[in-house]
Amino acid sequence: MEKDRTFVRVLLKWYDTNKRVFPWRDEKLTPFQVLVAELMLQKTNATQVEKLFSNFIENYPDPLSVRKLKESYLSELLKPLGLYNRRARDLKKLADIVIDDNNTIPNNKKALLELPGVGEYIANAVICFAFDQKVPIIDANIGRIMKRVYSFPVKSAPSRDKELTKRMDEILPEKKFKEFNYAMLDFAALICSPRNPKCIQCPINELCDNYQGDDLEKR
């Protein structure tokens, strides 16, 4: 589909000069560290995670170092992120499971979904960003872009929306799929925001079904 090809090309070009730089996007991170980042990012602003992540990984880079922490201390470390008791509990359980499995993070979705705190979005993020597998990353932000640009009928839980997943699979490029997933996340944060999207500045406004030639909040 020509619109899909143009959408991918323009968005990747935009990403080249507008990408956000976060420590959890470092290619040198281990799969465990990528998973820790995704657990921290769940229902939390990236800015908050950025303040904590690098120091956390420097001091606790692997499952064994996390396992040695008292859960109460881990909760205190994670307090700035909110949901800290649940996160601490999940990380402790995760460390135990990974150590018992020869320090291996699974590289398939079914096994990842069995880990504490891991849902559809986190499983796909780890598969893509840690193991370089071609899968779409889908959350409410991606659903918003698809609703606006393609008039796609997004359901209330985008990450579990099978039709949306199928459509994103069709759009996702064979190459640079990791960059495209990051581009979608950054585009949703910087341009196609929930309120007051920057439609005039949007590089794909000519493709967008919802563009009305102004910079007002869209549906």
Quick one: putting +1 on the C-beta of Lys and Arg, -1 on the C-beta of Asp and Glu, what dipole do you get for the range 83-208 around its Cα centre, in Debye to the nearest 20? 440 debye
For the range 1-41 and the range 71-132, what is the separation of their C-alpha centers, rounded to whole Å? 20 Å
Report, to the nearest 10°, how far helix 140-150 tilts away from the longest principal axis of the Cα atoms in the chain, using its own Cα long axis and a range of 0 to 90°. 20 degrees
Dipole size in debye (nearest 20) for the range 30-129 around its Cα centre, Lys and Arg Cβ +1, Asp and Glu Cβ -1? 280 debye
Gained length - Tyr73 relative to Lys19, 0.36 nm times residue gap less alpha-carbon distance: 16.0 nm
Find the Cα radius of gyration of the chain, compare it with 2.2 N^0.38 Å by division, and give the number to two decimals. 1.07
By how many degrees, 0 to 90 and rounded to 10, does the Cα axis of helix 177-190 deviate from the longest principal axis of the chain? 80 degrees
Taking Cα atoms only, helix 162-171 is inclined relative to the longest principal axis of the chain by an angle, in degrees rounded to 10, of 70 degrees
Highest to lowest packing among 101-110, 34-43, scored as the average C-beta count within 10 Å: 34-43, 101-110
Say the dipole of the chain comes from +1 at the beta carbon of Lys and Arg and -1 at that of Asp and Glu; which of Phe131, Gly119, Trp14 then lies farthest toward its positive end? Gly119
Pairs Lys155/Lys178; Lys110/Lys166; Lys134/Lys162; Lys92/Lys162: which are spaced more than 27 Å apart, C-alpha to C-alpha? Lys92/Lys162
1/(1 + (r/R0)^6) with r = Cβ-Cβ of Lys93 and Asn196, R0 = 41 Å, i.e. FRET efficiency to nearest 0.05, evaluates to 0.55
Would you compute, from DSSP H runs of 4+ residues alone, the mean residue ellipticity of the chain at 222 nm, taking -39500 (n - 2.57) per run and dividing by the full residue count, rounded to the nearest 500? -16500 deg cm²/dmol
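Just so you know, all these numbers are worked out from the coordinates, no wet-lab data involved. Since the structure is predicted, the reported quantities are computational estimates derived from the model, not experimental observations. Counting neighbours? That spans all protein chains shown, and the Cβs are built from the backbone with ideal geometry, glycine included.
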